[in-house]
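Written below as structure tokens is the structure these notes are about.
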Amino acid sequence: MNDYEDATAFLGEWGRFQQQVFFLLCLSIVPNGFMGMSIVFVADTPPHRCLIPADVNLTAAWRNSSIPLEEESHSDALVPSKCARYKLEDVLSFSDRGLLPGVDVNLSNVPTESCLDGWEYDQSMYISTIISEWDLVCDDRWKNPLTSSLYFCGVLTGSFVSGQFSDRYGRKIVLFVTMAVQTVFTFIQVFSPSWTMFCAMFFVVGFGLISNYVAAFVLGTEILGPRVRTVFSTAGVTLFFGTGYMLLPLFAYFIRDWRMLLLGQTLAGFLYVPLWWYIPESPRWLLSQGRVEEAEAIVRDAAKRNKIEPPPVIFSPLQKELQCEKRKAHNICDLLRSRNIRWISVTLWLVWNTVTIAYFALSLNTANLHGNAYFNCFLSAVVEMPAYALSWALFRWSSRRRSLSLTLFMGGLFLLFIQLIPANLIYLAITLEMMGKFAVTTAFSIVYAYTAELYPTVVRNTAVGTCSMASRIGSIIAPYFIYLRSYSISLPYILMGSITALSGLLSLLLPESYGMPLPDTISHMQNFPGCCQKTPYTPTHTEEQEHTAERKSPVDP
């Protein structure tokens, strides 16, 4: 036995141990879908207009006509201004003299002023959001996209730090520590007295959320066998993430105050504490650290749960190989050290960045679509479920590289077609947007699992975390893609569609990992085109048998 797959083949693919790890890790992902998208409702901007103080003695006619009409940016319709009112001193004078607006007074000649007394917000959809609570509108509307960007800055930081911590201290401890950080700081966020404190707490929540997701993803990828790993990394975690995403609009519909909505999110975090005693550490990672006895103890416990008798010796030959890798003290710099791994890393960073821009921009845009915001968000979440199922099918039976390229390219085309739809065909435009979201979500699911397959055990968590970190540049600027709607409705779709389609073409340069074993060391990695400094890793006879069985006899948990 010369690698981990051979050493643990006796456990089987889908015993009680694998089932427990699969479902508990997937279950830990549910709050990520709920919390990660909650900003759609927490920071939505309700309809608003300048406040006319109740104690100002105006006639009903002048109170109703105190707000000037303006053309909407995307249509010719006249709507009340959100940021201006007729000068209150003049309006009061006209009212006292008994003059009628539009009859005795030409409103186009009445001077205007800003909302000096604040704003009044429509509460038909929300009791309160952070926008209505801290008046993040008009001159302060730039704070709205900045709120999401600061959250994604926390996600970027978490991607950078947690990956290295996970490779150094273990997947399990980082998983549970970051779940605790996510829960505790969301609870503190509920009591934020100001927008500044809300953003500071939101930064830390983002840090914990992505760290939890990546740690759970890598932990499952390393523990589960080849066939179940494919299901877990493409359909498993993503479907449970989508389930959390689908629950968000349902909870938000019944809890319309942003503080109570966040408080409800924290309750889920406390329910995950008992999982510490049921989710094991990654034996692969323990081996990479030279902790053979601990790795064997976990595998023997797995054999006991699966009612299988383990062999007397499990890891000794493999451990020597991994010890050599361990002495090199791998870190993030190894992702750029050699020509081969450097080109793979740079290409993946660009692809991750693009798919993240498209995914989060489309997700955050649901509140701006025509119709009910809760239904649109639910529809956006539902669209992801068949996308995750498709990603599993593609990942199981098709080339990783071609699947990623095709879904990205088609997603880009759908978004580019939106600008060609006439303004009166609103539902056709929404359909194209959802088709784009479907394709981008499929690509997002594939790229996570594809990345985990390309990198070896000794730097896998660092690599996935770093790719996630690089992609956060895209998530940071994604809110500003939506902000461009104020200048042109088509501009966000043109930009997103173009870069997504180009990214699909770029992904064709990546090496293929379909049918190849999960690499344990850097020397096992596949070649980037033009980088031929090493011999490709050849599957063992046992791995070839496993792959043949996987293609002929699907295993569906």
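So, of the residues in the stretch 355-382 that are part of a helix (DSSP H, G or I), open to solvent by 10 Å² or more (accessible area, probe 1.4 Å) and at pLDDT below 80, which turns out to be nearest to F254 (Cα to Cα)?
Top of the filtered list is A367.
Which residues, taken from the stretch 14-29, are over 16 Å from L219 (Cα atoms) and either among the charged types (D, E, K, R) or assigned to a helix (DSSP H, G or I) (or both)?
R16, the sole residue that qualifies.
Could you pull out the residue among S124, S66, S166 that is open to solvent by 30 Å² or more (accessible area, probe 1.4 Å) and either more than 30 Å from G220 (Cβ to Cβ) or in a helix (DSSP H, G or I) (or both)?
So the residue among S124, S66, S166 that is open to solvent by 30 Å² or more (accessible area, probe 1.4 Å) and either more than 30 Å from G220 (Cβ to Cβ) or in a helix (DSSP H, G or I) (or both) is S124.
Looking at the stretch 185-199 only, could you name the residues that are touching a residue at least 60 places away in the same chain (Cβ under 8 Å) and either surrounded by 15 or more Cβ atoms within 10 Å (Cβ to Cβ) or in contact with a His (Cβ under 7 Å, 6 or more places away or on another chain) (or both)?
Passing the criteria: T186, F187, Q189, V190, W195, F198.
Restricting the search to the stretch 251-286, which residues are more than 25 Å from I188 (Cβ to Cβ) and either outside the structural domain of E222 (by the TED database) or open to solvent by 40 Å² or more (accessible area, probe 1.4 Å) (or both)? Talk me through it step by step, then tell me what you get.
Within the stretch 251-286, the first condition is being more than 25 Å from I188 (Cβ to Cβ), and the residues that meet it are 253, 277-286.
Y253, W277, Y278, listed by residue number.
Checking the structure you have, find out if any residue of the stretch 86-101 is part of a loop (DSSP other than H, G, I, E, B), open to solvent by less than 20 Å² (accessible area, probe 1.4 Å) and either touching a residue at least 60 places away in the same chain (Cβ under 8 Å) or not assigned by the TED database to the domain that holds P280 (or both).
no
Just the residues that are of a type in the set (F, W, Y) and at pLDDT below 90, please, taken from the stretch 189-215.
Those that are of a type in the set (F, W, Y) and at pLDDT below 90: F207, Y213.
Is there any pair linking a residue in the stretch 487-505 that is of a type in the set (S, T, Y) to one that is outside any helix (DSSP H, G or I), with Cβ under 8 Å and at least six apart or on different chains, and which?
Y487/S73; S490/Q419; Y493/Q419
Restrict the check to the stretch 71-79 and report whether at least one residue is open to solvent by 80 Å² or more (accessible area, probe 1.4 Å) and either at pLDDT 85 or above or assigned by the TED database to the domain that holds Q419 (or both).
To start, the set of residues in the stretch 71-79 that are open to solvent by 80 Å² or more (accessible area, probe 1.4 Å) comprises 71, 73-74, 76, 78.
From what's left, either at pLDDT 85 or above or assigned by the TED database to the domain that holds Q419 (or both): none.
No, there is no match, as no residue in the stretch 71-79 is open to solvent by 80 Å² or more (accessible area, probe 1.4 Å) and either at pLDDT 85 or above or assigned by the TED database to the domain that holds Q419 (or both).
Can you tell me how many residues within the stretch 46-58 are of a type in the set (S, T, N, Q) and either closer than 21 Å to F254 by Cβ or crowded, with 21+ Cβ neighbours inside 10 Å (or both)?
0
Are any of the residues in the stretch 22-31 assigned by the TED database to the domain that holds V190, within 32 Å of the chain's Cα centre (by Cα), open to solvent by less than 60 Å² (accessible area, probe 1.4 Å) and more than 30 Å from K307 (Cα to Cα)? Give the steps one after another, and end with the answer.
Of the residues in the stretch 22-31, the ones assigned by the TED database to the domain that holds V190 are 22-31.
Next, only the ones that are within 32 Å of the chain's Cα centre (by Cα) stay: 22-31.
In the following step, the residues that additionally are open to solvent by less than 60 Å² (accessible area, probe 1.4 Å) were identified as 22, 24-26, 28-31.
Now drop any that are not more than 30 Å from K307 (Cα to Cα), which leaves 30-31.
Checked against the condition, which is being assigned by the TED database to the domain that holds V190, within 32 Å of the chain's Cα centre (by Cα), open to solvent by less than 60 Å² (accessible area, probe 1.4 Å) and more than 30 Å from K307 (Cα to Cα), the stretch 22-31 yields at least one hit.
For (1) free of Cβ contacts under 8 Å to residues at least 12 places away in the same chain; (2) β-branched (V, I, T), each residue gets a yes or a no:
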{"site": "R337", "(1), (2)": "yes, no"}
{"site": "W343", "(1), (2)": "no, no"}
{"site": "V346", "(1), (2)": "yes, yes"}
{"site": "V351", "(1), (2)": "no, yes"}
{"site": "A361", "(1), (2)": "no, no"}
{"site": "N365", "(1), (2)": "no, no"}
{"site": "L369", "(1), (2)": "no, no"}
{"site": "N372", "(1), (2)": "yes, no"}
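Of the residues V459, V447, which single one is within 30 Å of Q18 (Cβ to Cβ) and at pLDDT 80 or above?
On the way: V459 fails: at pLDDT 80 or above.
Only one candidate passes the filter, namely V447.
So A61 fits all but one of (1) within 28 Å of Q123 (Cβ to Cβ); (2) out of contact with any Gly (no Cβ under 7 Å at 6 or more places or on another chain); (3) open to solvent by less than 20 Å² (accessible area, probe 1.4 Å); what number is the exception?
Going through (1) within 28 Å of Q123 (Cβ to Cβ); (2) out of contact with any Gly (no Cβ under 7 Å at 6 or more places or on another chain); (3) open to solvent by less than 20 Å² (accessible area, probe 1.4 Å) one by one, A61 breaks only (3).
Return yes when E321 is open to solvent by 10 Å² or more (accessible area, probe 1.4 Å), more than 26 Å from A389 (Cβ to Cβ), assigned to a helix (DSSP H, G or I) and modelled with pLDDT under 80 and no when it is not.
Spelling it out, E321 is indeed open to solvent by 10 Å² or more (accessible area, probe 1.4 Å), more than 26 Å from A389 (Cβ to Cβ), assigned to a helix (DSSP H, G or I) and modelled with pLDDT under 80.
Kindly indicate whether L209 is aliphatic (A, V, I, L, M), open to solvent by 10 Å² or more (accessible area, probe 1.4 Å), assigned by the TED database to the domain that holds F17 and in contact (Cβ under 8 Å) with a residue 60 or more places away in the chain.
Details: aliphatic (A, V, I, L, M): yes; open to solvent by 10 Å² or more (accessible area, probe 1.4 Å): yes; assigned by the TED database to the domain that holds F17: yes; in contact (Cβ under 8 Å) with a residue 60 or more places away in the chain: yes.
The answer is yes for L209.
Determine whether P479 is within 23 Å of L362 (Cα to Cα) and surrounded by fewer than 24 Cβ atoms within 10 Å (Cβ to Cβ).
yes
Looking only at the stretch 498-522, count how many residues are closer than 13 Å to Y450 by Cα, surrounded by 17 or more Cβ atoms within 10 Å (Cβ to Cβ) and at pLDDT 75 or above.
The qualifying residues number 3.
What is the residue count in the stretch 131-163 for residues that are at positive phi and either crowded, with 21+ Cβ neighbours inside 10 Å or assigned to a helix (DSSP H, G or I) (or both)?
So the count comes out to 1.
If you check every pair at least six apart or on different chains, which have Cβ atoms under 6 Å apart with a residue in the stretch 388-408 that is closer than 14 Å to A439 by Cβ first and a residue that is surrounded by fewer than 17 Cβ atoms within 10 Å (Cβ to Cβ) and not hydrophobic (A, V, I, L, M, F, W, C) second?
Pairs that qualify, where the first residue is closer than 14 Å to A439 by Cβ and the partner is surrounded by fewer than 17 Cβ atoms within 10 Å (Cβ to Cβ) and not hydrophobic (A, V, I, L, M, F, W, C): there are none.
The values are calculated or read from the model by the stated rules, or taken from the named source; none is laboratory data. For clarity, every value in this text was computed on a predicted model and none was experimentally measured. Glycine also receives a Cβ, built like all others from the backbone with ideal geometry; neighbour counts cover every protein chain displayed. Side chains are part of the model used for accessible areas, which takes the heavy atoms of the whole protein and leaves out ligands, DNA and RNA. Shrake-Rupley method; radii C 1.70, N 1.55, O 1.52, S 1.80 Å.
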